[in-house]
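What follows is a set of notes on a single structure, which appears directly below.
The values are calculated or read from the model by the stated rules, or taken from the named source; none is laboratory data. Just so it is clear, the structure is predicted and the values come from calculations on it, not from any experiment. All Cβ positions, even for glycine, are placed from backbone atoms using ideal geometry, and neighbour counts span all protein chains on display. In case anyone asks, the SASA skips ligands and DNA or RNA and just uses the protein heavy atoms, side chains included. Shrake-Rupley method; radii C 1.70, N 1.55, O 1.52, S 1.80 Å.
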Amino acid sequence: MTIGTLSYYILFGVIVNALYDFLISTIDREDLRFSMLERILIGLFWPAYLVLLAINFIIKYINGKNK
């Protein structure tokens, strides 16, 4: 893994955290804000987090249409 690739990976982790913080501020749900440890973990494992986020969104969307 090169320094450039590692830099992009970390940059995308920071962007994911920033977008999540923006979303939390937009919906005004401070109880959902990440702690510093959670931010670091999300920054490191952001691909898995995005997959889980997409799966949960799809499940909520499908269940919302069925009601």
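Is it the case that some residue within the stretch 5-20 is open to solvent by 90 Å² or more (accessible area, probe 1.4 Å) and outside any helix (DSSP H, G or I)?
no
Among the residues that make up the stretch 29-36, is at least one of them out of contact with any His (no Cβ under 6 Å at 6 or more places or on another chain), part of a helix (DSSP H, G or I), in contact (Cβ under 8 Å) with a residue 24 or more places away in the chain and open to solvent by 90 Å² or more (accessible area, probe 1.4 Å)?
From the stretch 29-36, those out of contact with any His (no Cβ under 6 Å at 6 or more places or on another chain) are 29-36; that's our starting set.
Checking the rest, the ones that are also part of a helix (DSSP H, G or I) come to 30-32, 36.
Pick out the ones that are also in contact (Cβ under 8 Å) with a residue 24 or more places away in the chain and you get none.
Within the stretch 29-36 (the criterion being out of contact with any His (no Cβ under 6 Å at 6 or more places or on another chain), part of a helix (DSSP H, G or I), in contact (Cβ under 8 Å) with a residue 24 or more places away in the chain and open to solvent by 90 Å² or more (accessible area, probe 1.4 Å)), the answer is no, since none of the residues qualifies.
List pairs: first residue in the stretch 42-67 and part of a helix (DSSP H, G or I) and surrounded by fewer than 10 Cβ atoms within 10 Å (Cβ to Cβ), second residue at pLDDT 90 or above and among the aliphatic types (A, V, I, L, M) anywhere in the structure, Cβ distance under 7 angstrom, at least six positions apart or on different chains.
Pairs found: none.
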